[in-house]
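Below is one structure, written out as structure tokens; the observations come after it.
The values are calculated or read from the model by the stated rules, or taken from the named source; none is laboratory data. Since the model is a prediction, treat every value here as computed from it, not as a measurement. Here Cβ is always computed from backbone atoms with ideal geometry, including for glycine, and neighbour counts include all displayed protein chains.
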Amino acid sequence: MSEAEDFARLMRELKERAGLSYGALARRLHTSTSTLHRYCKGEALPAEFAVVDRFARACGATREEVMDLHRAWLLADARRRAGAAEVPVPVSVSVPEAEAEAEPTVVVTPDPEPELAARGAWYRRRAAVVAAAGVTAGAVAVALLAAAGPEPGAPHAGGSTGTGSGAGTSAGTSAPPFAGSGSASAPASTGAPEPTPPTGATGATGATGSAGATAAPPVRPSASPPASAPGRDPVAPLKAAVRSHVWTAGCDHAYLSERGPGSVPPPPVEADAPAWASAQRAVHAGTQIVEVTLHGTGEGAVVLEDLEVRVAARRKPPAWNVYQMSQGCGGGLTPAAFAVNLDAPRPLARPVAGNDGGNTLPAPSFPLRVSAAEPAVLRVEAATTGCDCDWSLDLRWTGPSGSGTLRIDEGGRPLRTSAAPGRPVYGYALEQGRWAR
């Protein structure tokens with residue numbers, strides 16, 4: 001039995017014992033029913049540790065069962081990662097490594113044995129230490145994440161005490177160059193702006209410069225953040241995982257692309273959206289959902305104080321085609337979120353309540369407390385009807401090392417969402433195997 005199959009077996013056993021349907025569990029995990037079904041059949045593997053932890057908690061797993069599930073996931077993830085390094089990406093443009101590393105769902109592929117053995121040995125050593133310390137299952141999950149270190153392109157932060165130093169991008173800058181272009185040249189003479197490269201897990205910087213600025217190298221979190229030298233910004237005691245291609249109910253989303261329908265491949269599943277959008281040079285059409293998972297990296301708690309919206313540039317929406325990822329879907333869950341109107345002169349992150357099968361989900365609010373054992377997920381839903389917007393988020397925090405600002409963006413580049421007024425809208429006709437209006 002492969003590592004992925006062993007992980008899927010444990011998931012099925014927990015689900016059956018809990019007596020929960022795929023639909024009920026999918027709502028609690030904020031994913032689609034079909035995606036969860038693929039997890040339990042061994043056809044796909046969660047690429048985010050938080051999904052595994054939420055599943056175990058929803059099924060009422062014991063601490064020993066949680067550790068067994070986490071170990072199985074870690075071994076399967078090691079095999080998937082090593083195998084992914086050998087599989088070429090079937091697109092005509094280069095895809096940033098961070099995109100492949102932070103997908104919410106990944107297809108299981110074979111890989112060589114050495115890295116798997118190393119990762120398995122590492123887990124066994126780590127699990128023994130955790131068991132001896134008597135830490136809770138939630139702390140085990142976060143400890144494994146922290147020990148693994150940041151993924152390529154993982155967010156890092158720094159901020160000036162008491163101020164939001166991350167808002168350095170000017171409103172007059174042009175759209176950032178497309179990933180793989182190798183330069184920061186201006187857009188073509190047609191006037192259509194170059195898309196910002198979409199990514200599945202994006203960086204967060206504490207002091208972002210101009211749109212073409214190079215992001216600082218990632219900072220590996222430690223058990224306790226080092227004290228700041230006099231006159232220097234404190235190290236953010238936070239680790240963040242950012243998903244910028246979140247679809248409503250896991251299936252409903254739209255992208256803008258300058259390519260004609262004859263040259264655009266069929267719509268992907270949500271997990272493959274970053275690579276698909278990068279290959280089509282596409283940007284989010286009308287709306288964009290961003291999810292940020294945060295937890296502390298030190299011993300003390302961190303207080304999240306506020307979320308500020310920064311719009312770096314507004315342009316006329318490009319005259320491109322709109323491609324709908326689904327012809328209609330939906331679910332019983334509407335998550336609570338922060339809504340952002342990018343067209344407002346000074347956009348705010350406005351708390352909005354959600355709904356779960358008729359039950360109201362309280363609107364999120366600040367301040368929020370996070371620690372190594374208590375993560376938090378921030379969901380931001382941005383919308384525009386009038387501009388092609390470059391934007392980012394500044395998260396103000398206070399912790400044992402001081403206070404500062406964590407920049408949430410696309411690995412040093414702004415997020416990008418564009419309106420699509422009067423543009424041709426295409427949906428994929430499965431029976432015809434092509435895009436149609």
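Results, tabulated for the structure shown:
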read-out: Trp320 vs. criteria among the aromatic types (Phe, Trp, Tyr) and under 23 Å from Tyr39 (Cβ atoms); value: no
read-out: Neighbours by Cβ (under 8 Å, 6+ apart or cross-chain): first from the range 391-413, outside the structural domain of Gly300 (by TED's automatic domain parsing); second hydrophobic (A, V, I, L, M, F, W, C) and assigned to a strand (DSSP E or B); value: none
read-out: Residue list for the range 339-364, restricted to those being more than 21 Å from Ala26 (Cα to Cα) and either basic (Lys, Arg) or touching a Gly at 6+ places or on another chain (Cβ under 9 Å) (or both); value: Leu342, Asp343, Arg346, Arg350
read-out: Residue in the range 231-238 that is surrounded by fewer than 19 Cβ atoms within 10 Å (Cβ to Cβ), at pLDDT below 90, closer than 22 Å to Gly411 by Cβ and of a type in the set (Lys, Arg) present; value: no
read-out: Hey, Thr385 exposed (fewer than 15 other Cβ atoms within 10 Å of the Cβ), outside the structural domain of Gly23 (by TED's automatic domain parsing) and among the β-branched types (Val, Ile, Thr) or not; value: yes
read-out: Set Ala376, Ala336, Ala344: member being at pLDDT below 95, more than 27 Å from Pro400 (Cα to Cα), in the same structural domain as Ala285 (by TED's automatic domain parsing) and of a type in the set (A, V, I, L, M, F, W, C); value: Ala336
read-out: Boolean, Ala50 is at pLDDT 85 or above, assigned to a helix (DSSP H, G or I) and either in contact with a strand residue (DSSP E or B) (Cβ under 8 Å, 6 or more places away or on another chain) or over 30 Å from Ala279 (Cα atoms) (or both); value: no
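Residues are listed down the side, and each one gets a yes or a no for (1) surrounded by 14 or more Cβ atoms within 10 Å (Cβ to Cβ); (2) closer than 23 Å to Leu430 by Cα; (3) touching a helix residue (DSSP H, G or I) at 6+ places or on another chain (Cβ under 8 Å):
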| position | (1), (2), (3) |
| --- | --- |
| Leu256 | yes, yes, no |
| Ala273 | yes, yes, no |
| Ala279 | yes, yes, no |
| Leu304 | yes, no, no |
| Arg310 | yes, no, no |
| Lys316 | no, no, no |
| Ala336 | yes, no, no |
| Ala349 | yes, no, no |
| Ala353 | no, no, no |
